[in-house]
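K.L.:
I have a structure here, written as structure tokens, and I will follow up with some questions on it.
Quick note: the coordinates plus some simple rules give every number you see, no bench work behind them. In this text the structure is predicted, and so the values were computed from the model without any measurement. Heads up, the Cβs are rebuilt from the backbone with ideal geometry, glycines too, and the neighbour counts pull from every protein chain shown.
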Amino acid sequence: MTEKRIRVRFAPSPTGPLHIGGVRTALYNYLFAKKHGGDFLLRIEDTDQGRFVPGAEDYIIESLKWAGITPNEGIGFGEGPHAPYKQSERREIYKKYADQLVNEGKAYYAFDTPEELEKLRKELEESKASNTSYSYHVRGRMKNSLTLPLEEVQQRIASGSPYVVRIKMPENEIIKADDIIRGHIEVNTATLDDKVLFKSDGLPTYHLANIVDDYSMQITHVIRGEEWLPSLPLHVLLYRYLGWESVMPQFAHLPLLLKPDGKGKLSKRDGDRLGFPVFPMNWKDPFSGELSSGYREAGYTKDAFINILAFLGWNPGTEQELFTLDELAQAFSLDHVHKAGARFDFEKAKWFNHQYLVKLSDTEIAKAFKSILAEKGITASDDKIAVICGLVKDRVNFVKEIWDQASFFFVAPESYDPEAIKKRWKPETPALLNGAKEVIQAIEPFTAQNIHDVLHGYIEKNQLNMGGVMVPIRIALVGTTKGPDLQVIMELLGKDEVIRRIEKALSLIKLP
RNA sequence: GGUCCGUUCAUCUAAGGGUUAGGAUUCAAGAUUUUCAUUCUUGCCAUAGGGGUUCGAAUCCCCUACGGACUACCA
């Protein structure tokens, strides 16, 4: 027996921006395919024309590209042998199977109006029935091809009156299904309903389209969110009804991403409410104009973003936490996917980004920081920017935070931290600074090492207190007591600027 | 309401019948540093509750509680 080539798919619907839960689903599919040397394809499930959102499809494609989760087949990625990969362009395929199911007695036409369906639902809810849906318990009293005379059914269809195709759920039968993550599941069909497979608008519902496409695209593993678990029995039954049970894919239902606070699954609104992104990239709602922030623009590197998502519901079984995409593909296994929902931890997300930021070379960081400087109208040599970035990268999580840590390299402090002055600016400080100024004036060449040696020699010779001299110099140069090595700062600023800032501080800072 | 799924530190999670229940983030303390950050060390913190099964249970079974998903001619 030859091993079947692994084929998985990510099948979002273009009803809005892809949120990080969706990206994670895509990532796990991608990793699974990579791990097994298989195919990963992107299919757009746009059978609901009513919820179509302009730009959503491009957003999905762009997001995957940015994150490096690249399908090797499908929309936006060179199509492939099973094109088209968009369900609205495959509509003629589904009708055939819907009719086939009806002809074989496994499904039926239903003509009930929305009002009639609403009435049924109300009635069932009031009667406290255990199954409140359109099921075999009630199909006998509804308007469908099982209850209506054949001639009337044919007449209705011929005259073009609207109808749907519903699956004919077997009565009181146990459907057995297996999930790689959740194990064996059994459901009695008595609790299931006669789901609509084909809508009156001529398009299939998710259930039919999904099975038909997964079958024809030779999908071997369906890795999707847990919200689909309740419809697994229906899908298993559809494979059986269509005669495809022997090639039915294996299923793996992923745990949901939960709100960081409170209850429920992570939603679009949580991002703005809690101040962190829930989308991979910025998104502007085409209808409301509302803006939602994304990880890319928030300053996350794509590697950190991937790493963060990978660990939400999965772990390698070792204590390693930092993984490149390739390493993840090597380590990934569905066996190590957690069953319970995962709550997003924003603090840890920042830590991940910090880890990736410090791993970047100073020149790479400088490239990004340079554009921030440009926005402020500041120019400096690439080398100098790189050195500065290297000096402060340990103390930031994002490139954009570098400015807060390094602005004094480019502009002299306008004000001085009152707390620092209160604690470190003593009555003798001006005299000490004037003394130090003279010494600094004479340092040549003005290098960090030389500054260090001379200043330390001066302080020791005159039996001065190290902090009493150095800290006020720092306040004069930086504005606070914080920051990188003072000698290095001095070299970077240059002797003239150092003297200028000391004189400025001397004239501006009054004793508390 | 019904059906299904789940529950280990605050958070992400490890431990597949035998461990002082491990790691990471956060938080706290100490060391280092002229300062801050980094780094290092240490500390705090968990098997939802109750019954079984077993020599032995976080792990297997049952009940309860809690959480979640689904319950559309949405996906």
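K.L.:
Return the aspartates and glutamates within reach of residue A:119: Cα separation strictly under 20 angstrom, same-chain partners fewer than 8 residues apart disregarded; answer none if there are no such residues.
P.N.:
Hits, sequence-local ones excluded: A:193, A:194.
K.L.:
For segment A:182-301, calculate the relative contact order in percent as a whole number, restricting contacts to Cα pairs under 8 Å that are 6 or more residues apart.
P.N.:
16 percent
K.L.:
Straight-line reach from residue A:510: which lysines have a Cα under 19 Å away, not including same-chain ones fewer than 8 places off?
P.N.:
Here the lysines satisfying the reach criterion relative to residue A:510 are A:422, A:423, A:426, A:437.
K.L.:
Would you mind calculating the gained length between residue A:66 and residue A:335 on full extension (0.36 nm times residue separation, minus the Cα-Cα distance), in nm to one decimal?
P.N.:
In short, 94.1 nm is gained.
K.L.:
Mind running the shape call on segment A:80-223? Use the C-alpha gyration tensor, a ≥ b ≥ c as the square roots of the eigenvalues: rounded below 1.5 for a/c, prolate if a/b tops b/c, oblate otherwise.
P.N.:
oblate
K.L.:
Kindly provide log₁₀ I(q)/I(0) values, in the same order as q = 0.19, 0.21 Å⁻¹, from the Debye equation applied to equal alpha-carbon scatterers of segment A:112-189.
P.N.:
Debye intensities relative to I(0), on a log10 scale: -0.93, -1.02.
K.L.:
Charges only on Cβ, +1 for Lys and Arg, -1 for Asp and Glu: so what's the dipole of chain A about the Cα centre, in debye to the nearest 20?
P.N.:
Taking the Cα centre of chain A as origin, the dipole is about 640 debye.
K.L.:
Once you order the gyration tensor axes a ≥ b ≥ c over the Cα atoms, which shape class does segment A:430-512 get: rounded for a/c under 1.5, otherwise prolate or oblate by comparing a/b with b/c?
P.N.:
Cα axes put segment A:430-512 in the rounded bin.
K.L.:
For segment A:144-270, what is the largest minus smallest coordinate of the Cα atoms on each principal axis, given in angstrom and ordered from greatest to least?
P.N.:
Projected onto its principal axes, the Cα set of segment A:144-270 covers 56, 39, 32 Å.
K.L.:
Here is a follow-up. What is the calculated FRET efficiency for residue A:291 to residue A:125, with r their C-beta to C-beta distance and R₀ = 45 Å, to the nearest 0.05?
P.N.:
Calculated transfer efficiency: 0.65.
K.L.:
Taking K and R as +1 and D and E as -1, what net charge do the other residues with C-beta under 15 Å from the C-beta of residue A:430 add up to? List each step's numbers first, then the result.
P.N.:
Values: positive: A:424, A:426, A:437, A:501, A:504, A:510; negative: A:428, A:438, A:503.
Here the count lands on +3.
K.L.:
Then there's this: Normalising by the residue count of chain A, find the relative contact order in percent from Cα pairs under 8 Å and 6+ residues apart.
P.N.:
Once normalised by length, the contact order is 12 percent.
K.L.:
Where does the Debye-calculated log10 I(q)/I(0) of segment A:362-512 sit at q = 0.08, 0.12, 0.16 Å⁻¹, using only Cα point scatterers of equal weight, no solvent?
P.N.:
Summing over Cα pairs of segment A:362-512 leads to -0.23, -0.51, -0.88.
K.L.:
Of A:239, A:85, how do they rank once you tally other Cβ atoms within 10 Å and put the fewest first? Write out the running numbers ahead of the final one.
P.N.:
Values: A:239 17, A:85 24.
If I rank by nearby Cβ atoms, fewest first, I get A:239, A:85.
K.L.:
Next question, about the same structure. About its Cα centre, how strong a charge dipole does segment A:368-512 have in debye, to the nearest 20, once Lys and Arg get +1 and Asp and Glu get -1 at the Cβ?
P.N.:
440 debye
K.L.:
Same structure again: Computed FRET efficiency, Cβ-Cβ of residue A:499 and residue A:448, R0 22 Å: what is it to the nearest 0.05?
P.N.:
0.85
K.L.:
What is the extension gain from residue A:371 to residue A:159, computed as 0.36 nm multiplied by their sequence separation minus the C-alpha to C-alpha distance, in nm to one decimal?
P.N.:
Values: separation 212, 0.36 × 212 = 76.32 nm, distance 6.52 nm.
So the extension gain works out to 69.8 nm.
K.L.:
What does the convex hull of the alpha-carbon atoms of segment A:217-316 project to on average, in nm²?
P.N.:
If I average the Cα hull's projected area over directions, I get 9.6 nm².
K.L.:
May I ask you to derive the FRET efficiency for residue A:439 and residue A:83 from their Cβ-Cβ distance with R0 = 56 Å, giving the value to the nearest 0.05?
P.N.:
The value I calculate is 0.15.
K.L.:
Please label the shape of segment A:5-95 as rounded, prolate or oblate, based on the square roots a ≥ b ≥ c of the eigenvalues of the alpha-carbon gyration tensor (a/c under 1.5 means rounded; beyond that, a/b larger than b/c means prolate, else oblate).
P.N.:
It comes out oblate by the Cα gyration axes.
K.L.:
Would you mind telling me the antiparallel percentage of the DSSP bridges in chain A, rounded to 5?
P.N.:
Details: 19 of 36 bridges.
Around 55 percent antiparallel, to the nearest 5.
K.L.:
When only alpha-carbon atoms are used, what values of Rg and Dmax, in angstrom, describe chain A?
P.N.:
32.7, 113
K.L.:
Given the rule -39500 (n - 2.57) for each run of at least 4 DSSP H residues, summed and divided by the residues of chain A, what is its mean residue ellipticity at 222 nm, to the nearest 500 deg cm²/dmol?
P.N.:
Taken over chain A, the calculation gives -13000 deg cm²/dmol.
K.L.:
Near residue A:263, which lysines are there with a Cα under 21 Å away, not counting those fewer than 8 places off in the same chain?
P.N.:
A:339, A:348
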